[in-house]
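The values are calculated or read from the model by the stated rules, or taken from the named source; none is laboratory data. Remember, predicted model here, so these are calculated numbers, not experimental data. Methodologically, a virtual Cβ is constructed for each residue, glycine included, from the backbone with ideal geometry; neighbour enumeration extends over all protein chains shown. Ligands, DNA and RNA are stripped out before the accessible areas are found, and what is left, the full protein with its side chains, is counted by its heavy atoms. Shrake-Rupley method; radii C 1.70, N 1.55, O 1.52, S 1.80 Å.
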Amino acid sequence: MTTTPLLMIPGPTPVAPAVLAALAEPVRSHAGPENAATMIRIQEGIRPLVGSAASRIHCFAGAGTLAMEAAIVNHAAPGDRVVVISHGYFGDRFTEIARALGMRTDVLEVEWGERADQDALRALLGNGDPPALVCFTHVDTSSGVLADCAGTAATVRAAAPDTVMVLDGVCATGGIEEAMDAWDVDVLLTGAQKALSVPPGLALLAVSERARRRRESLGEIHAYYADLRRWDPSVDDPRKYFSTHAVSLLRALEVSLDAIFAEGLEARYQRHERVAAMIREGMGELGFEPLTNPAFVAPTLSVLALPDGVDDATLRAGMSERGVVIAGCLGPWAGRGVRIGHMGTVTETEAARTIDAAAATMGAHA
Ligand SMILES: Cc1ncc(COP(=O)(O)O)c(C=O)c1O
């Protein structure tokens, strides 16, 4: 008997049968009333997830990286100063994108597993050259660090009142509460494939009024598909064409949002905390300790050091044979640990299956 492999990597995450069924519905017109209604429901559904009452919600075909690129290219010009707070591989990606777009970057490089120091950030911001953009990551999927969004945003806003703040929520939105308005963040970007429990393929951005004004002030930019101004008419009226909407994925996201609100946001965030604690405790009993500073671990994934004598590839292959797929580490932690995603639809049942698969693999190789 074969069972469906359980995806416990930090994205893409398992997708509920109702969401998969939505993908199998007949394809709709991208300009028709059904898709327009879906898009409006998505806009209404994403706002409470990102904690914004009135931001403009963009949702188009593409991956999280496209949303990162759109966040940068729409709100700063070549030559502008961009400050990046990097907690790892995905923070560094902001730097790479800004440099590719000809911007000047200043990076607050944080030791992997630790959190950005607010004094160091203040020093970087207060050097007399206010940044056009400050970019940071809610949960860096490489180091497992949960950023202090409220503290960081307050530091940034105090030092640079006009800066556009960009927050990457790819490994957070839908699994951790976000408060874009309260934090005064201007662009919160995310993807469909993690805590929103939809297959990969949708880039999402919530855009504040301050960011919209910045986009206006830039005029022509070096982007076409990623130019949010070209998408604006179809955000306001989803029957308007700019580029063909990913109609089936949008419908899948609508169904997933229905499930998210049926569960309730508070209950969902608490479930993420519970399942994270269960994974860390169960894996801890097998000798896996967090590589991330335990004070800064995120509820959406765990980055765990391999116990002495346990080989990364052997462990992951053995778990995969037992039907559970986990990920290796990236960058300086490659080969030293594993990453286990526990977000979206993942409950205690999947957490138990993961811990059992690790235990059985280790027993078999002992
Ligand atoms: C925090 C974070 N940001 C950005 C990305 C990039 O998203 P994508 O792989 O969809 O381009 C990822 C992907 O895992 C991520 O975890």
Check: By the scheme Lys and Arg +1, Asp and Glu -1, what is the net charge of all other residues having a beta-carbon under 14 Å from that of Cys329?
Finding: -1
Checklist line | Whole-Hz couplings from phi, Karplus 6.51/-1.76/1.60, listed for region 78-83; x for Gly and Pro | finding: x, x, 5, 8, 10, 9
Checklist line | Backbone HN-Hα couplings from phi across region 161-170 [Karplus 6.51/-1.76/1.60, Hz, Gly and Pro as x] | finding: x, 9, 5, 8, 8, 10, 10, 8, x, 4
Check: How large is the accessible surface per residue of the chain, computed with a 1.4 Å probe and reported in Å² as a whole number?
Finding: 39
Next item on the list: Positive end of the charge dipole of region 17-261 (Lys, Arg +1 and Asp, Glu -1 on Cβ, about the Cα centre): tell me which of Ala76, Tyr224, Leu20 has its Cα farthest that way.
Entry: Tyr224
Check: Which ³J(HN,Hα) values in Hz, rounded to whole numbers, follow from the phi angles of region 314-329 under the Karplus curve 6.51 cos²θ - 1.76 cosθ + 1.60, where θ = phi - 60° and Gly and Pro get x?
Finding: 5, 4, 5, 5, x, 5, 5, 4, 8, x, 10, 9, 10, 10, x, 8
Next item on the list: First select every other residue whose beta carbon is under 12 angstrom from the beta carbon of Met283; then total the charges, Lys and Arg +1, Asp and Glu -1.
Entry: -2
